[in-house]
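Novice: One structure coming up, written as structure tokens, with questions to follow.
We did not get these values from a lab; they are worked out from the coordinates using the rules stated. Quantities reported herein were computed from a predicted structural model and do not represent experimental measurements. Virtual Cβ from ideal backbone geometry, glycine too; neighbours counted across all protein chains shown.
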């Protein structure tokens, strides 16, 4: 377990960029934390590091999943039934891609053992990441 | 070719199962919208599994009622059109396969409509001039500058013809509709958030809270709404007691003002974009679910007037997802010869620039 304190958006982006460079597919990263805490921001920084700074990374809340040629970015916020996880391509992504999952709770039992779990919390005026 | 073309349009890419019969003279003969919103309200958002299942249960009845309301049978229809993407794939498949089945069994031409194109072209079916108060409606001529804003998308498009869409700007993160939905959820106000926040904002003070205007100090026409959502969360984290009505109204008004300011700021830059200058659109249009918002409409209307342009927006029931816009896009595409000639697969991701 590791803890990181990130004071602002720049530090968040910098950390996520460094973290991105350590990733090799297939690898699942579960992003945990409340609404608006910065899960998408971390996913965005990882994707931009790996796929180019000009890559547009829209929120997957409405579309459920966005794909970036070997990276899959999921938001399971609106999924309420486990049977949907196959239809949206989660299993396929986990086996092949760098897979970033926001609101991962509903998929918990399908996540591989080597999943990197990132918990994002508010910490004084900053964000604290707990990485397991 | 017959003088007047009749099109049956089917939409099922998100909340609504809808169908309409529209003719090429811009008449809506019938329009049925079956909404799943009440089923979604308890979850605070669209639930895909529910969406696909509910579409299957509703679609046959919706199509049959649309035909009977129009006083037509399927043999009277000239063209079948349905949404083939983008959207939640389960829902899209239900509507699309129904359309394929009808087209194959009757031998009628089939049009695969891009859902976003439906929103983009519907102001040509009905573009209520000067908001919603006038009953007269105009058909918006090409070219026009369009803000297309909904739950899944926020973009500025230069529309110069059927299938001719240039992306001038887009959101880099959340859509405008998502910002409304999430702020509504944070305040415990329910789903969909747009109309609720709009109503609350009308009684609130938009200067009560200072929300950021992301990107507004930068050139370009792109949007960013996730910072506004985070600002909302940070404000609300400071309040542990129950929100008063006054607090909620002020909060909604301040939040909404920041979204409106961003749209107007980005549109201002779009008017100076070289492609827009060269095309010289005379009409400023807003479409998509967020186009129902009264503050966005009035601010865009003011902006159009200041720039010597006409403001247009579809009537409220044609802003949110609906079958009439798909039927109309079906007619427009059919008239330029864009019909399906070989089997195609629906596309969950289908940018307007890839038509």
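Novice: Nearest 500 deg cm²/dmol is fine: what mean residue ellipticity at 222 nm does chain B get from its DSSP H runs of n ≥ 4 alone, each adding -39,500 (n - 2.57), divided by its residue count? Mind showing how you got there, number by number?
Specialist: Details: 11 runs with 147 residues, N = 355.
Rounded to the nearest 500, it is -13000 deg cm²/dmol.
Novice: For labels at residue A:34 and residue A:105 in the simple 7 Å Cα→Cβ model, what's the distance in nm?
Specialist: Spacing of the two 7 Å Cα→Cβ label points: 1.4 nm.
Novice: Sticking with this one: Within the P(r) computed for chain B, what percentage of the Cα pairs occupies the region above 40 Å?
Specialist: When all Cα pairs of chain B are counted, 12 percent exceed 40 Å.
Novice: Using only C-alpha positions, report the orientation-averaged shadow area of the convex hull of region A:2-131, nm², one decimal.
Specialist: Values: hull surface 29.7 nm².
If you wrap the Cα atoms of region A:2-131 in a convex hull and average its projections, you get 7.4 nm².
Novice: Same structure again: Taking 0.36 nm per residue of sequence separation and subtracting the Cα-Cα distance, how much length would be gained by fully extending the chain between residue B:142 and residue B:60, in nm to one decimal?
Specialist: 26.0 nm
Novice: Efficiency by 1/(1 + (r/R0)^6): what FRET value for residue B:235 and residue A:55, r their Cβ-Cβ distance, R0 = 45 Å, to the nearest 0.05? Let's see the in-between values first.
Specialist: Numbers: r = 30 Å, r/R0 = 0.68.
It comes out at approximately 0.90.
Novice: Continuing with the same structure: Measure out, as a whole number of angstrom, how far apart the alpha-carbon centroids of region B:292-330 and region B:136-215 sit.
Specialist: Centre-to-centre (Cα) distance: 11 Å.
Novice: Assuming R0 = 51 Å, what is the FRET efficiency of residue B:274 and residue B:208, from their Cβ-Cβ distance, to the nearest 0.05?
Specialist: My answer for the efficiency is 0.80.
Novice: Quick one: compute the contact order of chain B, relative version, from alpha carbon pairs under 8 angstrom and 6+ residues apart, as a percent.
Specialist: Reported relative contact order: 25 percent.
Novice: For region A:1-50, what ratio Rg/Rh do Cα atoms give with a Kirkwood hydrodynamic radius? Spell out each step's value before the answer.
Specialist: On the way: Rg = 10.8 Å, Rh = 11.5 Å.
Taking Rh as the inverse mean 1/r over Cα pairs, Rg/Rh reads 0.94.
Novice: Also: Could you tell me what percent of the DSSP beta bridges with both partners in the protein assembly as shown are antiparallel, to the nearest 5? Don't skip to the answer; put the middle values down first.
Specialist: On the way: 43 of 75 bridges.
Restricted to the protein assembly as shown, the bridges split so that about 55 percent are antiparallel.
Novice: Shifting gears a bit: Based on the Cα atoms of the protein assembly as shown, what semi-axes does the equivalent ellipsoid have, where each is the square root of 5 times one gyration tensor eigenvalue, given in whole Å with the largest first?
Specialist: They are 37, 27, 21 Å, listed from largest to smallest.
Novice: From the convex hull of the Cα coordinates of region B:208-339, what is the mean projected area in square nanometres?
Specialist: Hull-based average projected area comes out at 11.0 nm².
Novice: Average partner chain C-beta neighbours within 10 Å, per residue of B:177-183? Before the final figure, lay out the partial values.
Specialist: Details: counts 1, 4, 1, 0, 2, 5, 2.
Counting Cβ atoms of other protein chains within 10 Å of each residue's Cβ and averaging gives 2.
Novice: A further question follows. Calculate the all-directions average of the projected area of region B:127-313's alpha-carbon convex hull, and give it in nm².
Specialist: Approximately 10.6 nm², given one-decimal rounding.
Novice: Right, next: What is the diffusion coefficient of region B:276-355 in µm²/s, taking the Kirkwood radius over Cα pairs and the Stokes-Einstein relation at 25 °C with a viscosity of 0.890 mPa s?
Specialist: 161
Novice: Sticking with this one: Would you work out the relative contact order for chain A, in percent, from Cα pairs under 8 angstrom that are 6 or more residues apart?
Specialist: Details: 224 pairs, mean separation 51.6, N = 132.
Averaging sequence separation for qualifying contacts and normalising by length gives 39 percent for chain A.
Novice: Hey, another quick one. How far apart, in nm, are the 7 Å Cα→Cβ label points at residue B:217 and residue A:125?
Specialist: Going from the residue B:217 label point to the residue A:125 one covers 1.7 nm.
Novice: Sticking with this one: Using 0.36 nm per residue, how much length does the chain from residue B:294 to residue B:307 gain when fully extended, once their Cα-Cα distance is taken away?
Specialist: Here the answer is 2.7 nm.
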